[in-house]
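To keep things clear, I will list the structure first and then write my remarks on it.
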Amino acid sequence: MQNTELKSRYDHDGFLVLRDAFSPGEVDELLVESARICRGELGDVQGALPAGPADTDDDVLRRFLCVHYPHKLSGLMLAAMRHPAIVSPLTTVIGPNVKAMQSMLFIKSEGEPGQAWHQDEMFIPTRDRSLTAVWLALDDATVGNGCLWVLPGSHRPGVLYPNREHDDPRYDCTVQSYGFDDSGAVPVEVPAGSAVVFNGYLLHKSLPNTARHGYRRALVNHYMSAESLLPWDAPPAGTPMAQADHRDIVLVAGADPYAYKGLRQVRRARVRPNRDGGCDR
């Protein structure tokens, strides 16, 4: 896909699919690394139960729905965040200077819930609406095992829809966006190694893994323009919100105009709660 076509499709639909972004060998390495992360071999994952020597990888993986910030523990996950097959299209849809601020490793074994309709920009606000997610399938993602669903074009108004708590057992603890027509929603079924790139304002969700056995694993990274401040945390006393700038970031392309501020290690690897384990909000 040429850059002009890629950008046009992204601007119109709010998402695009990069087929075979990662090779089968690269996917296999990430799957092995995923098990090592969940076993605690690469460092502490806040909220995780310790793995015993008799536990199989399956025993351990099924304890997790999602691990936040795996790139904090794994050089391989950090390299995936900077992978050329991902970064090149990001510079087309975002611009030449791109930084990342979050990674999430979804495990989602059979029976585990999905996420209700939401927009990523509601959780990670940027100053220039440049937030972009890259959802890398580590297993074939199908309707049956809980693939991504999107509402094409829902990013174009630039509106953040209201959110509410919910008790829908199909979804995890994330709040639910509402106030829109979702009749045009489409599933994004992709083979392992493919990546879905989507806009921070795009409405999207996933459903539970209803397969009889198996996983729907995915590595999800979030990116934005390096020119934009990232008001993700409350600013220090005396600093206006307009100057708030989260600096626990990874530069993946170009230059960081705020490099003079330095970097800060703020976030740490942690477990994402599911409904069985209780919600932390």
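Here is how the numbers come out for the structure above:
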item	result
Environment charge at ARG19 (Cβ cut-off 15 Å; Lys +1, Arg +1, Asp -1, Glu -1)	-4
Cα-based Kirkwood hydrodynamic radius, segment 3-271, one decimal, Å	19.0 Å
Estimated 222 nm signal from helices in the chain, with DSSP H stretches of n ≥ 4 weighted -39500 (n - 2.57), rounded to 500	-5500 deg cm²/dmol
Charge dipole (debye, nearest 20) of the chain; +1 at Cβ of Lys and Arg, -1 at Cβ of Asp and Glu	580 debye
Computed lengthening from ASP128 to TYR260, 0.36 nm per intervening residue step minus Cα-Cα distance	45.5 nm
Taking only Cα atoms of segment 107-187, radius of gyration then Dmax in Å	13.6, 38
Mean-position separation - Cα centroids, segment 65-132 and segment 206-270, in angstrom	8 Å
Extended-chain gain in nm, criterion 0.36 nm per residue less alpha-carbon gap, ASP58 and ALA35	7.4 nm
Top of SER228, SER103, SER23 by mean-square fluctuation, Gaussian network on the chain, Cα under 10 Å	SER23
Residue among LEU30, LEU203, LEU49 with the largest mean-square fluctuation in a Gaussian network model of the chain, springs linking Cα atoms under 10 Å	LEU49
Added length on full extension, which subtracts the Cα-Cα distance from 0.36 nm per residue, THR239 to ASP11	78.7 nm
Positive-pole candidate from PRO169, SER130, SER154, dipole of segment 114-185, charges at beta carbon	SER130
Highest-MSF residue in the chain out of PRO125, PRO240, PRO157 [GNM, Cα springs under 10 Å]	PRO240
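Where a number appears in this text, it was derived from the coordinates with a stated rule and is not lab data. What you see is a predicted model; the values in this text were computed from it and never measured. We place every Cβ from the backbone using ideal geometry, glycine too, and count neighbours over all the protein chains shown.
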